[in-house]
Amino acid sequence: MNKFTSAVKVLVVDDALMIVEELCEFLESKGYRCVPCESGHQAIERFKEDLDIGLVLCDLHMPGMDGIQLVEELQRLSGKHRAFEAIMLTGCADKQDVIKALRAGIADYYQKPIDLDELLEGLQRQEMVLQEKHKNQQLGHLNQKLQYLSESIDDLYQDLDKVRRGPQSVDRHDQGVMETDSVEMPAIFNQLSPRQLDVARLVGKGNTNYQVACELGITENTVKLYVSQVLRLTHMHNRTQLALALSPSNSGLRQRVTAH
């Protein structure tokens, strides 16, 4: 007989061992894998070790670290790259505690003694919320990659078009970086496209990929692609060699560096 098993693990935290055991036994019978903990500090270690943990059931009042402090620390550890949903369990539903818990990002709370069926329904709702968050994260990452790819392809097509039209057709805007530097370019750079040459000059001046990207209005990934192309086409091994080849004060050294 096939039994439902959730892909998400549940972190169950309570300083009362009996409650932890009861909750884990019930949830595991419903198809959830549980990670039992008796303190906030133990829960943090388990959370860091096990990336499958996505749901957190924790007691509000615990010695050392209460449930709100625990959830806030888990949020800090998760940052923007890991999502989880938390449900608070409390033996004393003080209004101020509940407000504080909700403000801390805790999704729901249940008062002890807990109705296990209600808790299960609440846990299932939060699992659906978590699944939606994961889907949105994946879509966000995919959209970002597609944006980088689109920008890179657009830049490459522009350079290809300029090369096909010939060096005489490069307009003044495209010469922006070249016009600001009167250094005579070694012959080995003649094969570069205008954009590749712009990147080479800026890298040669010691600019980082981020600085080059800002200067030319392209992404860092596109800059990395151009740097790789420049080094390959000029048969240079690294950025330092490229900088030496473009240095106005080392013409003799430039000739040796570029004499491949």
Are there any pairs, at least 6 apart or on different chains, whose C-beta atoms fall under 7 Å, with the first in segment 225-238 and more than 19 Å from Ala187 (Cβ to Cβ) and the second of a type outside the set (A, V, I, L, M, F, W, C), and if so, which?
-> Leu225/Ser152; Tyr226/Arg195; Tyr226/Gln196
Within segment 41-53, is there a residue that is of a type outside the set (Lys, Arg), touching a strand residue (DSSP E or B) at 6+ places or on another chain (Cβ under 9 Å) and farther than 30 Å from His141 by Cβ?
-> yes
Check on Leu55, touching a helix residue (DSSP H, G or I) at 6+ places or on another chain (Cβ under 8 Å), part of a helix (DSSP H, G or I) and surrounded by 20 or more Cβ atoms within 10 Å (Cβ to Cβ) = no
Residue in segment 82-100 that is modelled with pLDDT under 90, farther than 18 Å from Val8 by Cβ and within 19 Å of the chain's Cα centre (by Cα) present = no
How about segment 200-260: which helices (runs of 4 or more DSSP H) wholly inside it have at least 1 residues that are modelled with pLDDT of 85 or more?
-> 209-216, 220-233
If we ask which residues in segment 1-30 are touching a Cys at 6+ places or on another chain (Cβ under 9 Å), surrounded by 15 or more Cβ atoms within 10 Å (Cβ to Cβ) and not in a loop (DSSP other than H, G, I, E, B), their number turns out to be 9
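The values are calculated or read from the model by the stated rules, or taken from the named source; none is laboratory data. These numbers were taken from a predicted model, which means no experiment stands behind them. A quick note on method: Cβ atoms are made from the backbone with ideal geometry, for glycine too, and the neighbour counts reach across all protein chains shown.
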